[in-house]
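What follows is a short report on a single structure.
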Amino acid sequence: MTQKQGFAATLWDYLTTVDHKKIAVLYLIGGGFFFILGGLEALAIRIQLIQPNNDFVSNGFYNEIMTMHGTTMIFLAAMPLIFALMNAVVPLQIGARDVAFPFLNSLGFWLFAFGGILLNCSWFLGGAPDAGWTAYAPLSVVSPGHGVDFYVLGLQISGAGTLIAGINFLVTIINMRAPGMTYMRMPLFTWTTFVVSALILFAFPALTIGLFLLMFDRLFGSGFFDASLGGNSIIWEHLFWIFGHPEVYILILPAFGVFSEVIPTFSKKRLFGYTAMVFATVLIGFLGFMVWAHHMFTVGMGPAANSIFAVATMAIAVPTGIKIFNWLFTLWGGNIKINSAMLWSLGFIPSFTIGGMTGVMVATAPADYQYHDSYFVVAHFHYVIVGGVVFAIFAGLHYWWPKMFGKILNETLGKITFWTFFFGFHLTFMIQHFLGLMGMPRRYAVYLPNQELELGNVISTIGAFLMAFGAIVFVINIIVTTTKGEQVSGDPWNGRTLEWAIPNPVPHYNFKQLPLVRGLDALWIEKTEGRKELAPAEPLDDIHMPNPSILPFVMSLGLFIAGFGFIYQVDHPSWLIVLFIGMGITLGTMFIRSIKDDHGHHIHKEDLDEEAR
């Protein structure tokens, strides 16, 4: 096979795959691309603010960059990178051969990818959305051009993919756990995935409804958010934050799960207070739906509502504090090994704790009147999302890279990434607390000289470039490891959970025989009793696996095409043809899927025996 044919075969393999491990790689590539894009937008923001009255970009273009930075990082970078880790790890951790609905798993990825591409097409088609990543009405209703229309359609399509993924993981974890794996024997990363999937199921419909109403206001002249037509712009804020605050926990809970895997492994200790950690996770998920209006203390809800949401917000710090202490107690007295994954975990604890403390500060409604819409809030938010989620993504990638790709990332380059990114992060955002307290408002493209804001902004911009340097080193690390790294065993870290019981490369059916789980940290139990392999829970038999399919890609492509028709039919009715073509492709593909029997394929036990030999 020539190199060209080899590339074409690999490309077709990934376009049609329904294997959770390959879909994890697709999420990693897609999320990584958007992470770089969002990072470049962040650098543009910091360059603009490095000096007073700067004209690096115009005010209007600054609004577009700021809107796209937030939207890209939350919806198109952090979420997919978390999904990459979930796809790579959760089925292995619960002893399953794949997720419950492999076809839908593929569809979820392609919907995210095409939604993200549609949103970013706005840059080249008259301007990106410019109403902020929260798209507050009435500004988002009256914003000229089609930028906000791309925001609405792009997030509708990618949001559908996220919702599908959440339902898929819920069903997988409920129904496909290996024999003996009770809920209270599940690893913490699986538990956090489970709770997050429930949050997705209940949170994303609120965003979907809000986006539909905004779409009707913009494209069809309805008045849901227009006060002059009897609407109410504050309703958008409620709908957005009923989704938006659980979304913060949708991002941070899997991060907690990552650290709850990494810290015990490299402390050579069982996670301290497993039961308390599980209940804290569930409680965070539950309380996460009761705090949304703390984003709205200044809109005039009144002292009673403000007080209720302030108390609820402070209450959520309790289960989070339980987790912090349990990680510290896990480290206490442990035989700690410091490597890149562990560095990110150790760096996370103080960084995220600072974000939590400033969270309690902005939860105090009277004080929030001062903090609100200042750089103090920007600093708090980034301490939570970067100091929590991004640190966890780096930790998780270093930890599970050998399971995903069979090689360990270069430790020297990994440590350079950590230290430059870590110091850059604190330089960038610590000073922003003080800039906010000194009166610097967020979302402004310029500030005036002689307000004592110059030095803080210079420091913040230097820190941003340090973070960018760390991210570049990480990309170099991936390239070096891929080309020169040595293959490692299936259990390079002497791990505790089921994913480390499988050899590298992981067979596409994961487990020849479903394992019998005899307790928490199932693999560790077998190791302490002198066994090298997991006891099987079933006799060796044929394995049924799903077939690959191009249909998820085509379905998503149809919605992508229809999106353009939907946006531009307002300008010219002829665009309705594009809308109908796109919807025809999607609905036709769905019809083909419904009438075409696809029973998958069998791997015969004789072939499994041959493979073992």
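The values are calculated or read from the model by the stated rules, or taken from the named source; none is laboratory data. As the structure is a computational prediction, the values presented were derived from the model and not from experiment. Counting neighbours? That spans all protein chains shown, and the Cβs are built from the backbone with ideal geometry, glycine included.
Of note:
- Subset tally (residues that are β-branched (Val, Ile, Thr), part of a helix (DSSP H, G or I) and in contact (Cβ under 8 Å) with a residue 40 or more places away in the chain) for the range 289-324: 5
- Considering the conditions (1) buried (at least 20 other Cβ atoms within 10 Å of the Cβ); (2) assigned to a loop (DSSP other than H, G, I, E, B); (3) not acidic (Asp, Glu), LYS532 is excluded by exactly one of them, (1).
- Hey, THR275 surrounded by 15 or more Cβ atoms within 10 Å (Cβ to Cβ), modelled with pLDDT of 95 or more and assigned to a helix (DSSP H, G or I) or not: no
- Those helices (runs of 4 or more DSSP H) of the range 372-453 in which at least 1 residues are farther than 18 Å from MET357 by Cα and touching a strand residue (DSSP E or B) at 6+ places or on another chain (Cβ under 9 Å), considering only elements entirely within it, cover 391-405.
- Failed criterion for GLY95 (all others in (1) out of contact with any strand residue (DSSP E or B) (no Cβ under 6 Å at 6 or more places or on another chain); (2) within 30 Å of PRO548 (Cα to Cα); (3) in contact (Cβ under 8 Å) with a residue 60 or more places away in the chain hold): (1)
- Yes/no for GLY333 being surrounded by 16 or more Cβ atoms within 10 Å (Cβ to Cβ) and within 21 Å of ALA276 (Cα to Cα): no
- Scan of the range 497-507 for residues that are assigned to a loop (DSSP other than H, G, I, E, B) and among the hydrophobic types (A, V, I, L, M, F, W, C), ordered by number: ILE502, VAL506
- Test: residue in the range 137-146 that is farther than 30 Å from SER549 by Cα and of a type in the set (S, T, N, Q): yes
- Looking across GLY6, GLY70, GLY39, GLY32, one residue alone is farther than 24 Å from LEU125 by Cβ, under 25 Å from the mean Cα position of the chain (by Cα) and of a type in the set (Gly, Ala, Ser). It is GLY32.
- When ILE459, ILE525 are checked against the criterion of being within 29 Å of the chain's Cα centre (by Cα) and not in a loop (DSSP other than H, G, I, E, B), a single residue qualifies: ILE459.
- Of everything listed in (1) free of Cβ contacts under 8 Å to residues at least 60 places away in the same chain; (2) β-branched (Val, Ile, Thr); (3) more than 19 Å from HIS294 (Cβ to Cβ), the single unmet condition for VAL258 is (1).
- Counted residues, the range 148-177 - those being among the small types (Gly, Ala, Ser) and surrounded by fewer than 22 Cβ atoms within 10 Å (Cβ to Cβ): 1
- Scanning the range 524-576 for residues that are of a type in the set (Val, Ile, Thr) and under 19 Å from LEU125 (Cα atoms) yields ILE561, ILE567, VAL570.
- Picking from residues in the range 568-591 that are of a type in the set (A, V, I, L, M) and more than 18 Å from LEU111 (Cα to Cα), the one that is surrounded by the most Cβ atoms within 10 Å (Cβ to Cβ) is VAL578.
- Residue within the range 196-210 that is assigned to a helix (DSSP H, G or I), closer than 30 Å to ALA137 by Cα, aromatic (Phe, Trp, Tyr) and in the same structural domain as ALA522 (by TED's automatic domain parsing) present: yes
- Matching entry among ASN494, ASN510 (being surrounded by fewer than 20 Cβ atoms within 10 Å (Cβ to Cβ), part of a loop (DSSP other than H, G, I, E, B), in the same structural domain as SER267 (by TED's automatic domain parsing) and not aliphatic (A, V, I, L, M)): ASN494
- Number of positions in the range 98-156 that are hydroxyl-bearing (Ser, Thr, Tyr) and out of contact with any helix residue (DSSP H, G or I) (no Cβ under 7 Å at 6 or more places or on another chain): 1
- Figure legend. Inter-residue proximity from the range 527-544: first residues within 16 Å of HIS604 (Cβ to Cβ), second residues of a type in the set (Val, Ile, Thr), beta-carbon distance below 6 Å, spacing 6+ or different chains. Indicated pairs: ILE543/ILE603.
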